[in-house]
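The values are calculated or read from the model by the stated rules, or taken from the named source; none is laboratory data. Note that the structure is predicted; figures quoted are calculated from it, not measured. Cβ: placed from backbone, ideal geometry, glycine included. Neighbour counts: every protein chain shown. These area figures cover heavy atoms from the full protein model, side chains too; ligands, DNA and RNA do not enter into them. Shrake-Rupley method; radii C 1.70, N 1.55, O 1.52, S 1.80 Å.
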Amino acid sequence: MTKIVNHWIGGKTAEGASGNHGPVTDPATGEVTTKVAYASVEEVDAAVAAAKEAYLSWGQSSLATRTSVLFRFRALLDAHRDEIAELITAEHGKVHSDALGEVARGLEIVDLACGISVQLKGELSTQVATRVDVASIRQPLGVVAGITPFNFPAMVPLWMFPLAIACGNTFVLKPSEKDPSASVRLAELLSEAGLPDGVFNVVHGDKVAVDRLLDHPDVKAVSFVGSTPIARYIHTTASANGKRVQALGGAKNHMLVLPDADLDAAADAVVSAAYGSAGERCMAISAVVAVGAIGDTLVEKIRERAEKIKIGPGSDPTSEMGPLITATHRDKVASYVTGAAAEGAEVVLDGTGYTVDGHENGHWIGISLLDRVPTSAAAYRDEIFGPVLCVLRAETYEEALDLINASPYGNGTAIFTRDGGAARRFQMEVEAGMVGVNVPIPVPVGYHSFGGWKDSLFGDHHIYGNDGTHFYTRGKVVTTRWPDPADAPTGVDLGFPRIH
């Protein structure tokens, strides 16, 4: 019997009532293994109503109450990390070690949420005038929503809801319909940890569910991670409805390799960053800019390493890279490689014909490496989201920097060099939100915030870290004067309050 993934509303499983379901496939076999319920407007409304009801008490609960639940949730998440990784591999296709790494990075934000009391302690200025004190405090928003992508079905939700509920909000998650099971398992673990019913809810679905969250009057804020066109839509629509929005979009992350760099280290790094998780990462390196005469040597070193990557089912412990999420996505990725030569690129490695014995119907694609890619080529302009690496050439640092800064994306970037002065100049001059110096994937640790610039971010707040806490709370300033018992009444004074 085909497994059915249902919603989680009000602390329990809610069977889909709309009659609409979507298929979930095993990317390694192409077989439909699961059906996921698609929520109607009424089902989304039920989840929001449950969250709104729960907020009445959760929003007034003590920090100790909230963090004690999160500490128990952290222990459960840690104990079940293998199980959650297996769910990710079964529906997304990434290898088990990569799925475990995803859970580990999500745990970092749970750690941050467990210590939220420090982030929420506020500020106090005493005696700003005679017996007048001013306090700045932060309070929760109410019901908030998260809309998350297929490539990190556990990590990205964990970047959102632990901080949101630690701050006193309640949460409605709309995960990707392509790999929904991990999100429901997280909901079950939260319930086991003692989270009150309705504080965390999960609704699956398509644009119907998304649009209802964007226009529902009781949803106060929306967090999103996905492609740039959808991020722009989320931001525009939710903002027009008066909501706070953080919408993280796509990327075209560049690695700048200077002539003095350790080319072996650079080649190791770029192969890991470009082809890890089959390139289905918003922080993947998808473009290398080689400066000066090192280009040919660097490309050869990348080719040698890339050819040795073992591609196979994510459940096989010897596999280093798994399949892509769907056959449609696989075909789209392949089209960039098959059309590259006609647009002026040199195809060094072509992975479009790759298959795995015994799994011929899986969503397979091999490693592709394109050299001397012109900036006009589609393979360079677009976010491919697959194991395709473009190498571009530049004669000078200045030319390379101009090339990188001309990209409409500004998510992450990296420089490989032995020159500290060049690295410092790059980190100051490059137009990107996250920079790595001899670090290929500069995803910040949990207590620093994650987010890009330009078309990679819509909204004012990055995700998690201090920005995450500020996003899920709003500031309030309280000015207080308590009269001294010895004071006599002074009568009405319509002037400005005296501050001396």
(message) If I stretch the segment between ASN241 and ASN438 completely, what's the gain in nm (0.36 nm per residue apart, minus their alpha carbon distance), one decimal?
(response) 66.7 nm
(request) Please list the non-local residues whose amide H lies under 5 Å from the amide H of ASN253, H modeled 1.01 Å from N, same-chain partners needing a gap of 5 or more. (result) SER286, ALA287
(request) Determine the sum of side-chain charges near GLN246: Lys and Arg each +1, Asp and Glu each -1, restricted to other residues whose C-beta is under 11 angstrom from that of GLN246. (result) 0
(message) Let's test the formula: R0 of 25 Å, r as the Cβ-Cβ distance of LYS310 and LYS332. What FRET efficiency results, to the nearest 0.05?
(response) 0.55
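If contacts are Cα pairs under 8 angstrom and at least 6 residues apart, what is the relative contact order of the chain in percent?
Worked out over the chain, it gives 18 percent.
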(request) Find, to one decimal place in angstroms, the Kirkwood hydrodynamic radius of region 96-204, where the mean of 1/r is taken over every pair of different Cα atoms and then inverted. (result) 15.5 Å
(message) Which GluC sites (Glu not before Pro) in region 14-100 sit in a loop by DSSP (not H, G, I, E or B) and have at most 13 other Cβ atoms within 10 Å of their own Cβ?
(response) GLU15
(request) For each pair in LYS178/LYS454; LYS174/LYS252; LYS12/LYS220; LYS174/LYS308; LYS52/LYS121, compute the distance between the two Cα atoms and list the pairs where it is over 32 Å. (result) LYS174/LYS308
(message) On a full-extension model of 0.36 nm per residue, what is the gain between THR130 and LYS207, subtracting their alpha-carbon distance, rounded to one decimal in nm?
(response) 22.0 nm
(message) For the full complex of protein chains and a 1.4 angstrom probe, list LEU189, LEU112 by accessible area with the highest value first.
(response) LEU112, LEU189
(request) Compute the distance in nm between two label points, each set 7 Å from the Cα along the Cα-to-Cβ direction, one at GLN139 and one at ASP82. (result) 4.7 nm
(request) Please list the non-local residues whose amide H lies under 5 Å from the amide H of LEU457, H modeled 1.01 Å from N, same-chain partners needing a gap of 5 or more. (result) GLY249
(request) Return the FRET efficiency for the residue pair ARG481, THR396: r is the Cβ-Cβ distance, R0 is 45 Å, and the value is rounded to the nearest 0.05. (result) 0.10
(request) Per residue of region 318-325, in order, report the coupling 6.51 cos²θ - 1.76 cosθ + 1.60 (Karplus, θ = phi - 60°) as ³J(HN,Hα) in whole Hz, putting x for Gly and Pro. (result) 8, 6, 9, 9, x, x, 8, 5
(request) Would you work out what percent of the accessible area of the chain, with all protein chains in place, is carbon or sulfur (probe 1.4 Å)? (result) 53 percent
(request) Using every Cα-Cα pair within region 242-355, state what percent have a distance larger than 23 Å. (result) 37 percent
(request) Taking H placed 1.01 Å from N in the peptide plane, check which residues at least 5 places from VAL202 or on another chain put their amide H under 5 Å from its amide H. (result) TRP8, ILE9, LEU173
(message) At R0 = 51 Å, how high is the FRET efficiency between VAL41 and ALA293 if r is their beta carbon distance? Nearest 0.05 is fine.
(response) 0.25
(message) With θ taken as phi - 60° and the coefficients 6.51, -1.76 and 1.60, list the Karplus ³J(HN,Hα) couplings across region 455-469 in order, rounded to whole Hz; mark glycine and proline as x.
(response) 7, 9, 8, 10, x, 9, 10, 6, 9, 6, x, 4, 4, x, 4
(request) Give the accessible area for LYS301 in Å² (nearest 10); use a 1.4 Å probe, count only protein heavy atoms, and leave out ligands, DNA and RNA. (result) 50 Å²
(message) Taking the solvent-accessible surface of protein heavy atoms with a 1.4 Å probe, what is the per residue accessible area of the chain in Å²?
(response) 41 Å²
(request) State the extension gain, in nm to one decimal, for the chain segment bounded by ASN405 and THR318, taking 0.36 nm per residue of separation less the distance between their alpha-carbons. (result) 27.4 nm
(request) With a/c under 1.5 counting as rounded, go ahead and sort region 369-414 into rounded, prolate or oblate using the C-alpha gyration tensor (a ≥ b ≥ c being the square roots of the eigenvalues; past the cut-off, prolate if a/b is larger than b/c, else oblate). (result) oblate
(message) Given the DSSP H assignment, sum -39500 (n - 2.57) over each helix run of at least 4 residues in the chain and divide by its residue total; what's the result at 222 nm in deg cm²/dmol, nearest 500?
(response) -11000 deg cm²/dmol
(message) Among ILE285, THR413, ILE234, whose Cα projects farthest towards the positive end of the dipole of the chain, with charges put on the beta-carbon of Lys, Arg (+1) and Asp, Glu (-1)?
(response) ILE234
